[in-house]
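One structure is given here, and the rest of the page talks about it.
The values are calculated or read from the model by the stated rules, or taken from the named source; none is laboratory data. Here the structure is a predicted model, which is why all the values come from computation and not from measurement. A quick note on method: Cβ atoms are made from the backbone with ideal geometry, for glycine too, and the neighbour counts reach across all protein chains shown.
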Amino acid sequence: MFYWFGSQTLRIVYGIGDFSLFTAKAFCALANSKRLLRRIISAVHEQGTVCLPVILIVGLFTGMVLGLQGYHVLSRFGSQGLLGTLVSLSLVREMGPVLAALMLIGQAGSALAAELGIQRNTEQIVALETMGVNSHGYLVAPRLIAAILVFPLQTAVFVVVGFWGGSLSGSVLLGVDSGVYWSAVQRAVEFQDMRECFMKAAAFGFLSISTCAYQGYHSDRNTSAMGARAVSASTTRAVVFSSILVLVADYIISSFFV
């Protein structure tokens, strides 16, 4: 039992150290990375434009659900006028950054892990390094920079669309006065709430994309499977670990603002 516990502890410590070294190499390679701006723009397109439809759809229906459930809860106390406060603070403080990050992980993160896994499986990464190209700077670093920029922007879009979803559900369908709703939103959201929201989004972007890149880049050694099964396993691990890290980071960051 002690042997198993010790071996698992060492394995976790080794994994954290290897992951930290991986991300450090990616950022250190930025100085010598070729066509960096072009690859950052491409990564922004992958994480931003391509993922925008799912952000809009999920954000709209999240706001609508919050408006529906919040109305029926507040109506028990005769406080329907606080619906805008409930919807806005729920989206800005928690649901916006978390759900936006999970949606981006499911689409952009899984695609990144699968892409790097296939490149590792077909030895394209080895070919890059043979030609003298730093694979960390060429494949990983632009995605990390893009994630730190795109995740807050996507979260902002998610939150704004969620506000309109709450208004659609609460004002249009359930009869809450629209002016009361939007004035409550304006009064409730403060600068500190927005700062917490964007800090969470940037942290989630860095953690999730770096985890997905790490799992895909090392798909040949992070699982006992081979070939296509290794790519599938590394993609699954990337999505699961990234989602867990987002929730853990959400609690840690929230604890500093509560």
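Observations, loosely collected:
- Residue satisfying condition, being under 25 Å from the mean Cα position of the chain (by Cα) and without any contact (Cβ under 8 Å) to a residue 40 or more places away in the chain, within set A43, A24, A29: A24
- Matching option when the condition is free of Cβ contacts under 8 Å to residues at least 60 places away in the same chain and out of contact with any strand residue (DSSP E or B) (no Cβ under 9 Å at 6 or more places or on another chain), among V231, V172, V161, V239: V172
- Selection status of F198, in a helix (DSSP H, G or I) and under 24 Å from V65 (Cβ atoms): yes
- The requirement of being at pLDDT below 90 and within 25 Å of M199 (Cβ to Cβ) is not satisfied by L91.
- Number of residues in the stretch 65-88 that are under 22 Å from the mean Cα position of the chain (by Cα) and over 20 Å from R187 (Cα atoms) equals 1.
- Tallying residues that are β-branched (V, I, T), closer than 30 Å to V65 by Cβ and crowded, with 20+ Cβ neighbours inside 10 Å within the stretch 118-172 yields 4.
- Conditions (1) closer than 27 Å to G137 by Cβ; (2) in a helix (DSSP H, G or I); number of the one not met by V248: (1)
- Candidates R76, R11, R38: the one that is charged (D, E, K, R), out of contact with any Phe, Trp or Tyr (no Cβ under 7 Å at 6 or more places or on another chain) and farther than 30 Å from S135 by Cβ is R76.
- Between L74, L60, L83, L89, the distinction of being touching a Ser or Thr at 6+ places or on another chain (Cβ under 9 Å), closer than 25 Å to S254 by Cβ, of a type in the set (A, V, I, L, M) and in a helix (DSSP H, G or I) belongs to L83 only.
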